[in-house]
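Remarks on the structure that follows.
The values are calculated or read from the model by the stated rules, or taken from the named source; none is laboratory data. Note that the coordinates shown come from a computational prediction; the quantities given were computed from them, not determined experimentally. Here the Cβ is made from the backbone with ideal geometry for all residues, glycine too, and neighbour counts use every protein chain on show.
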Amino acid sequence: MAEPHVTLDPYSLNPVEQKLRGPLEDQLSSALQAATTKITHQYDGQSVEQVTTMLLEQAKAGLHPDIAAGFNPDHEQLRHVAEEIVSRAN
């Protein structure tokens, strides 16, 4: 499975966020990759929807609370990562 990567839409960012876009994408991607690794190892037959929720919760847990509060990844893309985890386990 390819490692998930977070890309922020530059048109939805304020000027400060635009300046921090690269490091913020790196931090969000790192948290999501760590969550993916952890959930992959802990997977025990949960549904795709449960894994999607687990990924989001685990990724947010790895972020500063202020960043986590604003982290709202595309549900369909996060679900795709969950589907990969489930399909590889079966």
First in region 62-74 and without any contact (Cβ under 8 Å) to a residue 24 or more places away in the chain, second anywhere and buried (at least 16 other Cβ atoms within 10 Å of the Cβ) and assigned to a helix (DSSP H, G or I), Cβ under 7 Å, 6 or more apart: Ala68/Lys60
Every pair of residues 6+ apart whose Cβ atoms lie under 9 Å, when the first sits in region 16-41 and is under 16 Å from Gly70 (Cβ atoms) while the second is acidic (Asp, Glu) and modelled with pLDDT under 95: Leu24/Glu17; Ser29/Glu3; Leu32/Glu3
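What are the residues in region 12-37 that are more than 20 Å from Glu76 (Cα to Cα) and not polar (S, T, N, Q), if any?
Our first condition is that a residue be more than 20 Å from Glu76 (Cα to Cα); within region 12-37, this holds for 13-24, 26-27.
Scanning region 12-37 gives Leu13, Pro15, Val16, Glu17, Lys19, Leu20, Arg21, Gly22, Pro23, Leu24, Asp26.
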Sole exception among (1) in contact with a Lys or Arg (Cβ under 6 Å, 6 or more places away or on another chain); (2) at pLDDT 95 or above; (3) assigned to a loop (DSSP other than H, G, I, E, B) for Leu8, by number: (2)
Members of region 40-67 that are of a type in the set (A, V, I, L, M) and modelled with pLDDT under 95: Ile67
Positions within region 14-39 being within 19 Å of Thr53 (Cα to Cα) and surrounded by fewer than 17 Cβ atoms within 10 Å (Cβ to Cβ), in sequence order: Ser29, Ser30, Ala34, Thr37, Lys38
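Among what's in region 11-55 and is of a type in the set (S, T, N, Q) and assigned to a loop (DSSP other than H, G, I, E, B), pick the residue that is farthest from Asn90 (Cα to Cα). Walk me through it before giving the result.
Of region 11-55, the ones of a type in the set (S, T, N, Q) are 12, 14, 18, 27, 29-30, 33, 36-37, 40, 42, 46-47, 50, 52-53.
Checking the rest, the ones that are also assigned to a loop (DSSP other than H, G, I, E, B) come to 14, 46-47.
Values: Asn14: 43, Gln46: 11, Ser47: 12 Å.
This residue is Asn14.
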